[in-house]
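Enquirer: Quick one: the structure is below, and I'll ask about it shortly.
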Amino acid sequence: RWFIMHKLLSPNNLRAYEVSKYNLRFMDTEPIAGRNEITEISIRDGFGDQIFHSYIQPHNCSLDIAEHKGIKSSSLESAPHLESIYPAIKSFIYKKVIVAWNMEREIELFPDRLKCAKYLVCCMKRLSPMFGNFSVKFNNYNKVNMWDAYRAWNLNYNDDLIEHRASSDTKVLYYLWVEANKIQSNILPKKENIIYFQSENIKNYTENVF
């Protein structure tokens, strides 16, 4: 089933595009490949405004490990460790609906697996069926890349965005979420490469997504 949540978000009383903006948080981290270590985190509220950002100093590894993403070692050298700022992070996400691109990966990075949140939503799993690439071998939709989805939908908001940087990624995540809401509530004009749902079919779809 297409959901990752501590509590099941029932489509009978709450659809994705009906979640209050005041209860939404968009979160992205920049982890180290092959390790459950974070070098950067960004959180935005339901209106797309960044409410928390920090570099994070990883444990037991070179501080230049993230320079290929544009994160300087000097930024990490003066940054706190995750455990020291996690109480602050929790204050922004406590009992909120948290949206991340790859939620399965995100929960592995935090000491409590984000159990302080009310709901955890994987945006990648929400959007993947909209691009229609269904794998017969895996009986599931192929995973779509966040930035590929952003470009495919021509969401050019003239922002100074940098791929694989947490602040930019949360902004793109917010844009994609808003666009998906418009599509599923039948606001946008139809495009050939997107699957659309009539209002009577949204319930059946969200049972699989949420």
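Enquirer: Take the cross-link list Lys118/Lys171; Lys95/Lys182; Lys21/Lys125; Lys72/Lys118 and give me the ones stretching past 30 Å between alpha-carbons. List each step's numbers first, then the result.
Expert: Working: Lys118/Lys171 22 Å; Lys95/Lys182 25 Å; Lys21/Lys125 20 Å; Lys72/Lys118 34 Å.
The answer is Lys72/Lys118.
Enquirer: Still on this structure, please answer the following. For region 72-134, report the convex hull volume of the alpha-carbon atoms normalised per residue, in Å³, without decimals. Mind showing how you got there, number by number?
Expert: Values: hull volume 7.5 nm³, N = 63.
For region 72-134, the hull spanned by Cα atoms encloses 120 Å³ per residue.
Enquirer: For Trp147 and Asn60, FRET efficiency with R0 = 25 Å and r from the beta-carbon atoms, rounded to 0.05? The partial results should precede the final answer.
Expert: Details: r = 30 Å, r/R0 = 1.21.
The computed FRET efficiency comes out at 0.25.
Enquirer: With just the Cα atoms defining each centre, how far is region 82-160 from region 15-39? Give it in Å.
Expert: If you average the Cα positions of each part, the centres end up 5 Å apart.
Enquirer: Tell me the Rg and the Dmax, in Å, that the Cα atoms of region 64-182 produce.
Expert: 16.2, 48
Enquirer: Kindly sort Arg165, Arg151, Arg126, Arg35 by accessible area of their heavy atoms, largest first, with the probe set to 1.4 Å.
Expert: Arg151, Arg35, Arg165, Arg126
Enquirer: Further, regarding this structure: Give the aspartates and glutamates reachable from Lys96 as a straight Cα distance under 17 Å; neighbours fewer than 8 places away on the same chain don't count.
Expert: Within the straight-line cut-off, Lys96 pairs with Glu18, Asp28, Asp45, Asp49, Glu106, Asp112.
Enquirer: With every protein chain kept in place and ligands, DNA and RNA left out, what is the accessible area per residue of region 21-158? Probe 1.4 Å, answer in Å².
Expert: 50
The values are calculated or read from the model by the stated rules, or taken from the named source; none is laboratory data. Computed from a prediction, not measured in an experiment: that's the story for all the values here. Here the Cβ is made from the backbone with ideal geometry for all residues, glycine too, and neighbour counts use every protein chain on show. Surface areas here come from the heavy atoms of the whole protein model, side chains and all, with no ligands, DNA or RNA. Shrake-Rupley method; radii C 1.70, N 1.55, O 1.52, S 1.80 Å.
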